[in-house]
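Shown next, in structure tokens, is the structure this report addresses.
The values are calculated or read from the model by the stated rules, or taken from the named source; none is laboratory data. Predicted model, so just to flag it, every value in this text is computed and none were measured. When we count neighbours, we look across all protein chains shown, and the Cβ atoms used for this are built from the backbone with ideal geometry, even at glycine.
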Amino acid sequence: MSLPAVKVAHTPEEKFREYLSSRAKPQRFTEQQRDMVRYIFSQHKHFDADQLIDGMKAAGLDVSRATVYRTLTKLVDAGLLRKLDIGPRVCYDHDYGYPQHEHLQCSKCGKMIEFQSKVLEELLRTVCQEHQFHPSGHTLIVRGNCSECHRTRTSGSKRMLDLI
């Protein structure tokens with residue numbers, strides 16, 4: 001399922017620039033940060049810091065590892081990216097300009113499948129109301145095997161350990 005983009009009032013660049021200038025100690029918006037924001041929001045896919053660095057270098061964009069890590073933290077704080085802890089690594093996903101959505105993660109191939117569920121959203125609202133809880137956001141990652149990996153696992157001959 002491909003998520004539709006949500007109409008937003010400002011570009012990610014404008015939103016990030018606004019965030020940096022509104023901090024207790026305002027910070028400038030550097031050229032490396034601008035390149036990073038443009039690169040990240042030019043495509044919609046999940047990525048980790050190393051994939052971002054490699055992708056930017058392949059695109060001819062010069063960025064330091066320290067700048068990437070510092071800027072990713074700021075982009076999460078600014079509400080532009082969502083941090084996803086997926087086991088041994090941390091991934092990032094667009095939060096700005098996309099609707100609230102959840103993830104299915106294949107434990108075998110690492111594939112991330114995005115989905116939306118009105119039923120799940122309503123359930124979370126109800127649970128929060130019952131507990132007089134005021135949520136600021138949530139992240140749901142369901143781990144398992146995608147259909148391709150499951151089919152591969154079940155189509156071969158059965159090993160004794162698979163039958164347990």
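Within region 85-93, does at least one residue satisfy the condition of being surrounded by 16 or more Cβ atoms within 10 Å (Cβ to Cβ) and either farther than 20 Å from residue 140 by Cα or touching a residue at least 60 places away in the same chain (Cβ under 8 Å) (or both)?
There is no residue in region 85-93 that is surrounded by 16 or more Cβ atoms within 10 Å (Cβ to Cβ) and either farther than 20 Å from residue 140 by Cα or touching a residue at least 60 places away in the same chain (Cβ under 8 Å) (or both).
For every residue, the table says whether it meets (1) under 30 Å from residue 144 (Cβ atoms); (2) in contact (Cβ under 8 Å) with a residue 40 or more places away in the chain; (3) of a type in the set (D, E, K, R).
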{"position": "17", "(1), (2), (3)": "no, no, yes"}
{"position": "35", "(1), (2), (3)": "no, no, yes"}
{"position": "41", "(1), (2), (3)": "yes, yes, no"}
{"position": "55", "(1), (2), (3)": "yes, no, no"}
{"position": "99", "(1), (2), (3)": "yes, yes, no"}
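Looking at (1) in a loop (DSSP other than H, G, I, E, B); (2) surrounded by 14 or more Cβ atoms within 10 Å (Cβ to Cβ); (3) in contact with a helix residue (DSSP H, G or I) (Cβ under 8 Å, 6 or more places away or on another chain), which is the one condition that is false for residue 44?
Of (1) in a loop (DSSP other than H, G, I, E, B); (2) surrounded by 14 or more Cβ atoms within 10 Å (Cβ to Cβ); (3) in contact with a helix residue (DSSP H, G or I) (Cβ under 8 Å, 6 or more places away or on another chain), only one is false for residue 44: (3).
Within region 75-84, take every residue that is surrounded by 17 or more Cβ atoms within 10 Å (Cβ to Cβ) and under 26 Å from residue 25 (Cα atoms) and give me the one that is farthest from the chain's Cα centre (by Cα). Spell out how you get there, then give the answer.
Step one: filter region 75-84 for residues surrounded by 17 or more Cβ atoms within 10 Å (Cβ to Cβ), giving 75, 78, 80-82, 84.
With the extra rule that they be under 26 Å from residue 25 (Cα atoms), the set shrinks to 75, 78, 80-82.
Values: 75: 11, 78: 14, 80: 10, 81: 6, 82: 5 Å.
Here the answer is 78.
Does residue 114 satisfy the criteria of being closer than 23 Å to residue 136 by Cα, among the acidic types (Asp, Glu) and either touching a residue at least 24 places away in the same chain (Cβ under 8 Å) or assigned by TED's automatic domain parsing to the domain that holds residue 140 (or both)?
yes
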